[in-house]
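Chemist: Got a structure for you, questions after.
The values are calculated or read from the model by the stated rules, or taken from the named source; none is laboratory data. Please read these numbers as outputs of a predicted model, since none were measured by experiment. Cβ: placed from backbone, ideal geometry, glycine included. Neighbour counts: every protein chain shown. In case anyone asks, the SASA skips ligands and DNA or RNA and just uses the protein heavy atoms, side chains included. Shrake-Rupley method; radii C 1.70, N 1.55, O 1.52, S 1.80 Å.
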Amino acid sequence: MWIVAIGWMYVVTLMAATETSVVAGLMTFLFYGMLPLSLVFYLTGAWRRGRARKREAQQATRGAGPKV
């Protein structure tokens, strides 16, 4: 996953570098690079967060037994 993100950011950086103005380059970098990648990383991390939450709930219920 990381190699794809690095490759995509390389392509977007080159696209932004060829824009005619600095503002157009920054907008290209933001809207073609940072926003889509942050969305992809958020969505792919959702299952990890869900499993971690479930694991914590299971550990909490196991630890809720009588303490001797």
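Chemist: Using a 1.4 angstrom probe on the protein heavy atoms only, could you order T20, T44, T13, T61 from most to least accessible area?
Modeler: T20, T61, T13, T44
Chemist: Using 0.36 nm times the number of residues separating M27 and L39, minus their current alpha carbon distance, what extension gain do you get?
Modeler: Value of the extension gain: 2.6 nm.
Chemist: In addition: Give the angle, between 0 and 90 degrees and rounded to the nearest 10, that separates the Cα long axis of helix 35-62 from the longest principal axis of the Cα atoms of the chain.
Modeler: Once rounded, the angle reads 10 degrees.
Chemist: Compute the acute angle (0 to 90°) between the alpha-carbon long axis of helix 2-17 and the principal axis of greatest extent of the alpha-carbon atoms of the chain; round to the nearest 10°.
Modeler: Value to nearest ten degrees: 30.
Chemist: Continuing with the same structure: Can you pull the one-decimal nm distance between simple spin-label points at T20 and Q59, each 7 Å off the Cα toward Cβ?
Modeler: Output for this residue pair reads 5.7 nm.
Chemist: Based on the Kirkwood radius over alpha-carbon pairs, what is the Stokes-Einstein translational diffusion coefficient of the chain at 20 °C with 1.002 mPa s viscosity, in µm²/s?
Modeler: Estimated diffusion coefficient is 144 µm²/s.
Chemist: Here's a follow-up. Trypsin sites (Lys or Arg not before Pro) within the chain: which are DSSP loop residues with at most 16 other Cβ atoms inside 10 Å? Mind dumping the intermediate values first?
Modeler: Numbers: sites: R48, R49, R51, R53, K54, R55, R62, K67; in loops: K67.
Filter output for the chain: K67.
Chemist: What spacing in nm lies between the two simple spin-label points modelled at M1 and R51, each 7 Å away from Cα in the Cβ direction?
Modeler: Rounded to a tenth, the inter-label distance reads 1.0 nm.
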